[in-house]
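J.: This is the structure I have questions about; it appears just below.
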Amino acid sequence: MGGITIKKVYLVIICLSALFLYACQKQSSDSDSKVSKVAIDSIMYQKFENLLENTYGLEPYFSEENWIDSEGNLLYPYEDNSELMTGIGNILASLYMPQEVVENASSEEHLKIVLDGLLETNAVTPYIYNNPSDYVSYCCGINQAVNELLQRSDLVDIIYNDYCNRSYDMSDESAKSYEVNKLQFEEIILGSNHAFTLMNDDMREDILKEVIRKNAEIAVHANAIGLTSGFFAMIEDEYSHGNSDWYTYICENNCSEAKNLINVEIPSWRN
C-alpha cells in the first residue's frame, strides 16, 4: 500500500511539474508577443498636451466606465453622441481617455479612434499645414490615441494594413475630405524615419509599391485632392531637416519610379 501511495505522489509531482513548465512557457510566449513601446525622436511627434483643461477649461465627457465594458472590451462612447463631435473643445472632451484606457487599448483600437473619431471631424485637416510632419505632430499633441499609437512597436503593421484598404478614388463626395485626411495621415507616418526603422526590407518594398499605386490615383484626382502624396512629401520634409532614411534607401536600391516622385530641391506637398 505504501509503495502505491509513493507512486501516486510521484505521479502528482510529475503532473504538477509539467503544468508549471507549460505555464512558464506560455507566459514567456505571451510576453514575447506583447506589443511594446519604442523610443521615438521624430519631427512628426510631440508630447501630448492637455488642451482640454489647459486651453478650453473643460473636463472629459466620458469616464472609464463609459470606455470599457464589464468584460474589458473597449467601447467608443463618442459614437453614440455624435452631436458632441463638433467644435474643437467638444471633440477633445469626447475623445479624452483615462490613462488606464490609453495603456490597455490595442493599437488597432487606437487607430480606430484616430481615423473614425478625430479625423472624421473638423478638428484637424492637412490643408492648413505647410509641412506634412506639422499635420501629424499637431494631432499627436492634442490626441492621446495618436500619441500612444506612434509609440507602439506594431505601428507600421497596423497603419499599413489599414492603408491598403483605402483609396484616393472616392465616389462619395461628402466623405471625400475626411478620407483624404486619413490617407494623408497614414502616408506621412509610413514615410517617416521612425516608421522606416520598424520595417524590414520586404515590408519596405511592399509599402513602396502600394504608395506608388495610390500616387497614380492622386494624379487622376489632383484637383479634388489638392495635395501630393503624404508619403513622398514626408520624405522631402525629413530630408530638409537633415536626413531621410527612405530617400537614402530609394537611391541606394535604384528605385527610379519612387525617386522621380521626390523633389528634395523644392519640397512641396500641394498640387
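J.: Answer with yes or no whether ALA224 is out of contact with any strand residue (DSSP E or B) (no Cβ under 9 Å at 6 or more places or on another chain), closer than 19 Å to GLU186 by Cβ, of a type in the set (A, V, I, L, M) and surrounded by fewer than 20 Cβ atoms within 10 Å (Cβ to Cβ). Explain how you work it out, then say what you get.
T.: Numbers: out of contact with any strand residue (DSSP E or B) (no Cβ under 9 Å at 6 or more places or on another chain): yes; closer than 19 Å to GLU186 by Cβ: yes; of a type in the set (A, V, I, L, M): yes; surrounded by fewer than 20 Cβ atoms within 10 Å (Cβ to Cβ): yes.
In short, yes.
J.: From (1) surrounded by 13 or more Cβ atoms within 10 Å (Cβ to Cβ); (2) closer than 23 Å to GLU108 by Cα, pick out the condition that doesn't hold for ASP202.
T.: Of everything listed in (1) surrounded by 13 or more Cβ atoms within 10 Å (Cβ to Cβ); (2) closer than 23 Å to GLU108 by Cα, ASP202 misses just condition (1).
J.: Further question on the same structure: Any residue in segment 255-271 that's closer than 15 Å to GLU205 by Cβ: show its pairings with residues that are open to solvent by less than 90 Å² (accessible area, probe 1.4 Å) and at pLDDT 90 or above at Cβ separation under 7 Å, as long as the two are six or more apart or on different chains.
T.: CYS255/LEU208; GLU257/ILE212; ALA258/LEU208; ALA258/ILE212; ALA258/ILE250; LYS259/ILE250; LYS259/CYS251
J.: Just to be sure, is GLU120 open to solvent by 10 Å² or more (accessible area, probe 1.4 Å), under 19 Å from SER36 (Cβ atoms) and out of contact with any Cys (no Cβ under 7 Å at 6 or more places or on another chain)?
T.: Working: open to solvent by 10 Å² or more (accessible area, probe 1.4 Å): yes; under 19 Å from SER36 (Cβ atoms): no; out of contact with any Cys (no Cβ under 7 Å at 6 or more places or on another chain): yes.
No; evaluated as a whole, the condition is false for this residue.
J.: For segment 122-148, name all the residues that are in a loop (DSSP other than H, G, I, E, B) and within 20 Å of PHE232 (Cβ to Cβ). Can you show your working first?
T.: The first filter runs over segment 122-148 and keeps only residues in a loop (DSSP other than H, G, I, E, B), leaving 122-125, 129-131, 143.
Hits for segment 122-148 are THR125, TYR129, ASN130, ASN131.
J.: Name the single residue, out of those in segment 221-271 being assigned to a helix (DSSP H, G or I) and modelled with pLDDT under 95, that is nearest to the chain's Cα centre (by Cα). Full working, then the answer.
T.: In the first step, residues of segment 221-271 are kept if they are assigned to a helix (DSSP H, G or I); the result is 222-225, 230-240, 245-252, 256-259.
Those still in the list that are modelled with pLDDT under 95 too: 222-225.
On the way: ALA222: 25, ASN223: 27, ALA224: 25, ILE225: 22 Å.
Checking each candidate, the answer is ILE225.
J.: Can you name the residue in segment 75-108 that is among the charged types (D, E, K, R) and more than 18 Å from PHE48 (Cα to Cα) and is also surrounded by the most Cβ atoms within 10 Å (Cβ to Cβ) among such residues?
T.: Residues of segment 75-108 that are among the charged types (D, E, K, R), as a first pass: 79-80, 83, 100, 103, 108.
When the remaining residues are screened for being more than 18 Å from PHE48 (Cα to Cα), the result is 79-80, 83, 108.
Working: GLU79: 12, ASP80: 10, GLU83: 8, GLU108: 14.
Once the filter is applied, the top-ranked residue is GLU108.
J.: Conditions: (1) assigned to a loop (DSSP other than H, G, I, E, B); (2) touching a strand residue (DSSP E or B) at 6+ places or on another chain (Cβ under 6 Å). GLU109 meets all but one. Number of the miss?
T.: Answer for GLU109: the failing condition is (1).
J.: List the residue pairs whose Cβ atoms are under 7 Å apart, where the first residue sits in segment 38-52 and is within 23 Å of GLN184 (Cβ to Cβ), the second is open to solvent by 60 Å² or more (accessible area, probe 1.4 Å), and the two are 6 or more positions apart or on different chains.
T.: Going by the 7 Å Cβ cut-off, the qualifying pairs are ILE43/HIS241.
The values are calculated or read from the model by the stated rules, or taken from the named source; none is laboratory data. All values reported here derive from a predicted model rather than from experimental measurement. Cβ: placed from backbone, ideal geometry, glycine included. Neighbour counts: every protein chain shown. SASA here: full protein model, heavy atoms, side chains in, ligands and nucleic acids out. Shrake-Rupley method; radii C 1.70, N 1.55, O 1.52, S 1.80 Å.
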